[in-house]
Amino acid sequence: MILKRLKDETRSAHLATEQQLDLLNQMPTKLEYARLLGRFWGFYVPIESKINQVVGLDELPLNLSARQKKKLLWLDLTDLDWNESTIEALPLCTDLPTLDSVPQALGCLYVLEGATLGGQMISRHLQERIGITPEHGGRFFSSYGQEVGSMWKAFGETVTAYSESPEIEDAIVRSAIETFAAFGHWFQGQSQH
Ligand code: HEM
């Protein structure tokens with residue numbers, strides 16, 4: 001079953017990501033938090049644009065436009081007093097996973113959608129520690145709010161229905177692993193301060 005494979009085969013990559021971001025043990029300042037969001041912007045903007053170009057993806061019931069995080073990041077950065085030209089000047093990641101097919105896009109989306117689950121913990125942490133709320137500065141990590149569970153379930157159902165052969169499953173899993181790796185490189189390559 002594809003969802004179990006994805007979870008099992010990306011388990012160590014997820015752990016490495018959690019450790020790399022180390023968000024729950026830290027109390028960032030608002031400035032550090034905004035810089036972190038700026039790095040997320042640099043990853044999500046080009047990757048979402050690539051996902052939007054994948055031929056055939058729009059035929060699946062994914063509700064892609066509702067899942068895109070670019071607008072949430074933009075609003076958060078604006079709340080944190082970043083102006084348009086600063087946001088537009090942020091570096092964008094070019095070392096992205098290959099997204100030439102629907103299975104590759106689904107593997108990549110698995111990683112981005114899964115991040116909304118951990119995002120719920122991060123969202124609560126930010127609210128308690130530095131007063132960032134889902135309404136002000138915290139839209140990205142809060143993402144779909146009350147709908148996170150149902151959005152995740154719907155995504156899982158679409159991926160499962162699409163995974164009709166071991167070859168398709170392999171391509172989805174490979175892309176998820178590649179996406180975690182690209183994410184890790186991008187966050188490593190950026191200076192935190
Ligand atoms: C400090 C940061 C993070 C923490 C604490 C965290 C925590 C979690 C937790 C608790 C879950 C399970 C939620 C559940 O089963 O209800 C989860 C799932 C997941 N997270 Fe994270 N996460 C973090 C960052 C990320 C990031 C940055 C990504 C992607 C780049 C990511 C990708 C995923 C994926 C794909 C799943 C789904 C696993 C599955 O197949 O069930 N996480 N995360």
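Scanning the stretch 12-44 for residues that are near the ligand (Cβ under 8 Å from one of its atoms) and among the charged types (D, E, K, R) turns up 18, 22.
In the set (1) within 12 Å of the ligand (Cβ to nearest atom); (2) out of contact with any Phe, Trp or Tyr (no Cβ under 7 Å at 6 or more places or on another chain); (3) within 24 Å of residue 123 (Cβ to Cβ), the condition left unmet by residue 177 is number (3).
Assess whether residue 75 counts as being in a helix (DSSP H, G or I), modelled with pLDDT of 95 or more, in contact with a strand residue (DSSP E or B) (Cβ under 9 Å, 6 or more places away or on another chain) and surrounded by fewer than 20 Cβ atoms within 10 Å (Cβ to Cβ). Criteria met by residue 75. Taking residues in the stretch 143-171 that are closer than 30 Å to residue 71 by Cβ and among the β-branched types (Val, Ile, Thr), and partners anywhere that are open to solvent by 40 Å² or more (accessible area, probe 1.4 Å) and modelled with pLDDT under 95, the pairs with Cβ atoms closer than 9 Å and at least 6 places apart or on different chains are 160/1. Total residues in the stretch 1-25 satisfying the condition of being among the polar types (S, T, N, Q) and surrounded by 12 or more Cβ atoms within 10 Å (Cβ to Cβ): the figure is 3.
Checking every residue in the stretch 92-100 against the condition of being over 27 Å from residue 9 (Cα atoms), open to solvent by 20 Å² or more (accessible area, probe 1.4 Å) and more than 15 Å from the ligand (Cβ to nearest atom) gives at least one match.
Of all the criteria given as (1) in a helix (DSSP H, G or I); (2) within 15 Å of the ligand (Cβ to nearest atom); (3) open to solvent by 20 Å² or more (accessible area, probe 1.4 Å), the one not satisfied by residue 51 is (3). Summed over the stretch 134-147, residues that are away from the ligand (no atom under 14 Å from the Cβ) and either touching a strand residue (DSSP E or B) at 6+ places or on another chain (Cβ under 7 Å) or not in a helix (DSSP H, G or I) (or both) total 5.
Inspection of the stretch 15-26 finds a residue satisfying the criterion of being of a type in the set (D, E, K, R), under 18 Å from residue 187 (Cβ atoms) and in contact (Cβ under 8 Å) with a residue 12 or more places away in the chain. Looking across the stretch 54-72 at every residue that is open to solvent by 60 Å² or more (accessible area, probe 1.4 Å) and not aliphatic (A, V, I, L, M), the one that is farthest from residue 35 (Cα to Cα) is identified as 59. Checked against (1) of a type in the set (Gly, Ala, Ser); (2) open to solvent by 20 Å² or more (accessible area, probe 1.4 Å); (3) more than 14 Å from the ligand (Cβ to nearest atom), residue 150 meets all criteria but (3). Just to verify a result, which residue in the stretch 117-133, among those that are outside any helix (DSSP H, G or I) and β-branched (Val, Ile, Thr), is nearest to the ligand (Cβ to nearest atom)? Checking each candidate, the answer is 132.
Of the residues 89, 115, 161, the single one that is surrounded by fewer than 16 Cβ atoms within 10 Å (Cβ to Cβ), at pLDDT 95 or above, small (Gly, Ala, Ser) and under 23 Å from residue 42 (Cα atoms) is 89.
The values are calculated or read from the model by the stated rules, or taken from the named source; none is laboratory data. All values derive from a computational prediction rather than experimental measurement. Using ideal geometry, Cβ is built from the backbone for each residue, glycine included, and neighbour counts are taken over all protein chains shown. The area values use the complete protein model at the heavy-atom level, side chains included, leaving out ligands, DNA and RNA. Shrake-Rupley method; radii C 1.70, N 1.55, O 1.52, S 1.80 Å.
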